[in-house]
Amino acid sequence: MAAPIRLSVPGTLRYRPIAVRAVAEAARLVSCSVQPDPRDPSADPLTIDVRHPFDTAVVSAFMEIFNNVVIHAYQRRGGGMIDLEITLANDGIVIEITDSGRPFDIDNVTPLPTDLDEESLPEGGMGIHIAKTMLDDMTYEPGPPNLWRLYKRLPAAQVAVGRS
Amino acid sequence: MPPFEVQRTSDLTTLTVRGSLDINSAPALAEEIDQIVASRPGRVVVDLSTLDLIDSSGVAALVKLYKGIRNAGGSMTISGARDQPLAIFKLLRMDKVFNL
């Protein structure tokens, strides 16, 4: 297992793109997804490429948890840092997200309706559901410091290919 | 190239969203959405073929547009959703509502 990647950013939305890009690139190291050809003039170097399902899951979940920390822990006012520790393995990725803001009441999250129709389409409260569903495991330890731990496993077939 | 673009013809309004629709960009789209809903269009197509990333804030903005259009008697469809945005709509089981 490689040494973890560590990144600290101020707990505001301004720094979100930096954190998302770091997580996307880390996910790509695990999934071995194809990098865009830098010689391709049509390739936008600023695009975050998460077409691989593993990258999609990791980045989608992370974006929601980062949003949650900025909104709930730091109340959109910043005033603290968001510390990331990303651990890469052959068979998956672990992302620990630590903040020093207000604890989040994860037990009070309202589940999404099971049968969505035009009337019940939600306009909020989707973030935790997206993160939990995208991941293989997600835990939260209220503090402070508050600690989110996200785990996503590579599909077994891809792990086997990577080892061969 | 701007992240949002609105094109209007006599019977169709097309909203194209590019790049990332997230907690940082959704507030700007919300202003555009208010203008679209206020114009009471009969038919709206949201083109997501050049959208790479979406989060729950982006989904919420599109749901708000959908409800606004429907409440005004119009219709809205989403076209071109792919990769991560399509995965999010499917996860939220909105793919059937939006006919994706």
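The values are calculated or read from the model by the stated rules, or taken from the named source; none is laboratory data. Everything numeric in this text was worked out from a predicted model, so none of it was measured. All Cβ positions, glycine included, derive from the backbone under ideal geometry; neighbour counts span all protein chains shown. Please note that ligands, DNA and RNA were not included when accessible areas were found on the heavy atoms of the full protein model with its side chains. Shrake-Rupley method; radii C 1.70, N 1.55, O 1.52, S 1.80 Å.
Data for the structure
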| read-out | value |
| --- | --- |
| Residue count, segment B:14-29 (criterion: away from chain A (no Cβ under 12 Å) and at pLDDT below 95) | 2 |
| Subset of segment B:81-100 (residues that are crowded, with 16+ Cβ neighbours inside 10 Å, facing chain A (nearest Cβ under 7 Å) and touching a Ser or Thr at 6+ places or on another chain (Cβ under 9 Å)) | B:Asp83, B:Gln84, B:Ala87, B:Ile88, B:Leu91, B:Leu92 |
| Segment B:30-80, residues that are more than 10 Å from chain A (Cβ to nearest Cβ), open to solvent by 20 Å² or more (accessible area, probe 1.4 Å), among the small types (Gly, Ala, Ser) and at negative phi | B:Ala30, B:Ala38, B:Ser39, B:Gly42, B:Ser49, B:Ala72, B:Ser75, B:Ser79 |
| Unique match (being surrounded by 14 or more Cβ atoms within 10 Å (Cβ to Cβ) and under 16 Å from A:Val58 (Cα atoms)) among A:Asp137, A:Asp83, A:Asp99, A:Asp91 | A:Asp91 |
| All helices (runs of 4 or more DSSP H) inside chain B with 3 or more residues being acidic (Asp, Glu) and over 25 Å from A:Ala24 (Cα atoms) | B:26-38 |
| Selected residue (criterion: farthest from B:Val59 (Cα to Cα)) from residues of segment A:49-79 that are crowded, with 21+ Cβ neighbours inside 10 Å and of a type in the set (Gly, Ala, Ser) | A:Ala73 |
| All positions within segment A:1-30 that are in a helix (DSSP H, G or I), closer than 14 Å to A:Asp99 by Cβ and open to solvent by 50 Å² or more (accessible area, probe 1.4 Å) | A:Tyr15 |
